[in-house]
Amino acid sequence: TDEQIAARAVDAISALTSPLQRRPWLLAVGFIRPHLPFIAPEPFWVAAERSPPPLPARTVPPANASLLTGRSLQEGLTEIYGNYGQRLAERRRPRLSAGGGLGRKLAVGYSAAVSFVDSQVGRVVAALDASPAAGAALVALLGDHGWKLGELGGWGKHSLATHDTHVPLLLAGHRQLPAGAAVGTPCSLLDVFPTLIAAAALPPDPSDSALAGRSLLLSAEQGAASRPAPARGGRRLSPRPAPPRQKKPRRHGQASPPRQPRAARVPGRGAATQTPVRTPVRTATGRLHPAWHPSPTLPPRGRSSRLRG
């Protein structure tokens, strides 16, 4: 669980910051919440029910949304109903409402799960602040995807809407980062690795020039003017189309070359011959036709039994 992950992270910080450890270190901690199913201790549920999250501002798709967009907004229902034991056919799945029923419980559960994992992040940060690495370590907090709770009439993460593609990204603890500053410059998760390299002041490597991202430390200092466009890179969304096949020009009156018979491998002999193997002809009753006999290249075993039908 996330409590056990936080406890192991606290122990790792204690070991990495000991006087015997003098090498630079990197600690990656991954929490499960708030993934489905939304599970959190009771105090977090009670607090979320007392202060429920606000209703989404828009609960219908845009008027100009395509059929594919409208379908992708509902793809999360499969994951939601699967986790809550309601594996119904797609045509029988009831539409969720953000204002009540299961939809409202999902919003409360999501808020409780987020608050719970936030407390576990606080445990890890508190252990770091109490260690010798306090003030010298760079802390990066990020998520892998967003989540819809009725926004645009959709649920889950299976669309290209802003609610699915925007993720939190917080940087703290480095001397080059201004405290409490919010930078509106577009960025990408591809920028996290170059940022860690720059924060650690590691010597440049020739392979760094091939990285798709760039360090965010400069963007944090200079603001949005330092980066006019987000990082671009990664795999193409669709494969590059294959070039058309070029046919060899054929002279006028030139006949096509004769097709060579396909080599047939004889079972048990390990050699290929040019004699094609004939296919047996079966009658309406399923028996072999009397006029058919095995090819001479086939092994002799089982010949009599196959001819008897």
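The values are calculated or read from the model by the stated rules, or taken from the named source; none is laboratory data. Keep in mind that this is a model prediction, so the values were computed, not measured. As a convention, Cβ positions derive from the backbone with ideal geometry for all residues, glycine included, and neighbour counts pool all protein chains shown. To get the accessible areas, we keep the full protein, side chains included, count just its heavy atoms, and leave off ligands, DNA and RNA. Shrake-Rupley method; radii C 1.70, N 1.55, O 1.52, S 1.80 Å.
Tabulated results
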| item | result |
| --- | --- |
| Label-point gap, in nm, between Thr165 and Glu75 - each point 7 angstrom along Cα→Cβ | 1.3 |
| Simple Cβ-charge dipole of region 49-197, Lys/Arg +1 and Asp/Glu -1, about Cα centre, in debye nearest 20 | 640 |
| Accessible area per residue in Å² at 1.4 Å probe, computed on region 31-172 | 58 |
| Net lengthening on full extension, Ala210/Ser119 (0.36 nm per residue, minus Cα-Cα) | 29.0 nm |
| Full-extension gain in nm, Ala179 to Ala126, via 0.36 nm per residue minus C-alpha separation | 17.3 nm |
| Region 4-109 - charge dipole about Cα centre, Lys and Arg +1 at Cβ, Asp and Glu -1, debye rounded to 20 | 220 |
